[in-house]
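Q: Mind having a look at this structure? Questions to follow.
Nothing in this text is a laboratory measurement; each read-out follows from the coordinates by a stated rule. Quick caveat: nothing in here was measured; it's all calculated off a predicted structure. Using ideal geometry, Cβ is built from the backbone for each residue, glycine included, and neighbour counts are taken over all protein chains shown.
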Amino acid sequence: MSPERSPTDLVQQQASRGFWLRTLHQWHWISSAVCLVGMLLFAATGITLNHAAKIEAKPQVTNLHLELPAPLLQALAPHEDGNAPLPAKVADWLSRELEVAIGRRAAEWSPEEVYLSMPGPGSDAWLSIDRETGAVEFEQTRRGWVSYFNDLHKGRNAGAGWGWFIDLFAVACLVFCITGLFLLHLHARQRRMTWPLVGLGLLIPLLIALLLIH
C-alpha cells in the first residue's frame with residue numbers, strides 16, 4: 001500500500017498542477033490565436049488541392065509588346081552571356097510600363113535577347129528583350145484566386161518572406177498541438193474518452209495509409 005500523502009504534499013501537488021494548467025492554457029490560446037487564420041487558409045486550400053482536377057479554372061492571358069527606349073537599350077550592351085538581373089533603370093521602366101514587379105530577378109542573357117521568367121503564386125509570366133532592336137514582348141497568365149491560394153499552400157513561387165512565414169507558422173502549430181496534448185494529459189482523469197479519441201485520430205490515417213494507399 002502506498003503511504004498516505006500529507007496535507008502539505010496535496011497542497012503542493014495542487015499548486016503544481018494549477019501552475020502547469022495556467023501555463024499550458026496561456027501558451028495554448030496564444031498559439032491558437034496566432035495560428036487561427038493560417039490554419040483556416042491551409043485547411044481550405046487542402047480541400048481545393050485535393051479536388052484540383054474538379055475545380056475549373058479559366059486562365060487569363062495578357063500579351064503586350066513594347067519598345068525599349070534607346071538609352072535603356074544601350075544599358076544592355078555591356079552585359080555578357082549568363083544569368084544576371086536587369087540594370088536597375090531598365091527594370092524600373094519595365095515595371096512602370098508593364099505594371100509588374102521586376103525586382104532583382106536573374107535574367108538569362110544571350111547575344112540575341114534577354115529572357116526573364118517571372119512565375120508567381122497563381123500566375124506565370126515572362127518577358128524577352130531583343131538586344132538589337134529593343135523590342136519587348138511580355139506575357140502573363142493568371143489562373144485565378146483558387147490557384148493563387150493553392151500555390152501559397154505549397155509555397156510555390158511565393159518568395160523568401162512567405163517561406164519564413166510558413167516555417168514560423170509551423171512552429172506555432174507545433175506549440176498549439178503539444179500544449180494541447182499536455183492539457184489532454186492533465187484532464188484525462190476526468191474525461192475517460194480522451195485517450196481512446198487520441199488513439200482513434202492516430203489509427204484512422206494509419207489504417208488508410210496501410211490498406212488504401214498503394
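Q: Which residues among region 36-71 fall inside the zone where the amide N is under 13 Å from a point 7 Å beyond the Cα of I166, along Cα→Cβ?
A: 42, 46
Q: Go ahead and collect, in residue order, the members of region 11-39 whose backbone nitrogen is under 16 Å from a label point 7 Å along the Cα-Cβ direction of F182.
A: Correct set: 15-32.
Q: Taking the 0 to 90 degree range and rounding to the nearest ten, how far is the long axis of helix 7-50 tilted relative to the main principal axis of the chain, both from C-alpha atoms?
A: Around 30 degrees separate the two axes.
Q: Using the Kirkwood formula on the Cα atoms of region 106-214, what hydrodynamic radius do you get, in angstrom to one decimal?
A: By the Kirkwood definition, the hydrodynamic radius is 18.9 Å.
Q: If a paramagnetic tag sat 7 Å from the Cα of R96 along the Cα-Cβ line, which residues of region 102-125 would have the backbone N under 18 Å from that point?
A: 102-104
Q: At a Cα cut-off below 13 Å, give the aspartates and glutamates reachable from K89, other chains included and same-chain residues fewer than 8 away excluded.
A: Partners within reach: E97.
Q: Taking the beta-carbon count within 10 Å as an exposure proxy, list I30, I102, I208 from fewest neighbours to most.
A: Ordered by Cβ neighbours within 10 Å, fewest first: I208, I30, I102.
Q: May I pose another question? Arranged by the count of other C-beta atoms within 10 angstrom, fewest first, what order do C35, C173 take?
A: Ranking C35, C173 by Cβ neighbours within 10 Å, fewest first, gives C173, C35.
Q: When a footprinting reagent is the concern and you count Cβ atoms within 10 Å, what order do F149, F19 take, fewest first?
A: Listing F149, F19 from fewest to most nearby Cβ atoms yields F19, F149.
Q: Quick one: compute the contact order of region 75-180, relative version, from alpha carbon pairs under 8 angstrom and 6+ residues apart, as a percent.
A: It rounds to 17 percent for region 75-180.
Q: Pairs of alpha-carbon atoms within less than 8 angstrom and 6+ residues apart define the contacts here; what relative contact order does the chain have, in percent?
A: RCO, the chain: 23 percent.
Q: Same structure again: To the nearest 10 degrees, how steeply does helix 159-187 sit against the main Cα axis of the chain, on a 0 to 90 scale?
A: In the chain, helix 159-187 runs at an angle near 10 degrees to the longest axis.
Q: Divide, for region 10-140, the radius of gyration over alpha carbons by 2.2 N^0.38 Å, where N is the residue count.
A: Taking the Cα Rg and dividing by 2.2 N^0.38 Å, one obtains 1.85.
Q: Here is a further query. Projecting each Cα onto the charge dipole of the chain (Lys/Arg +1, Asp/Glu -1 at the beta carbon, about the Cα centre), which of G199, S117, L68 comes out farthest on the positive side?
A: Positive-most Cα among the choices belongs to G199.
Q: For the pair L64/I213, report the inter-label distance in nm, with labels modelled 7 Å from Cα in the Cβ direction.
A: 4.4
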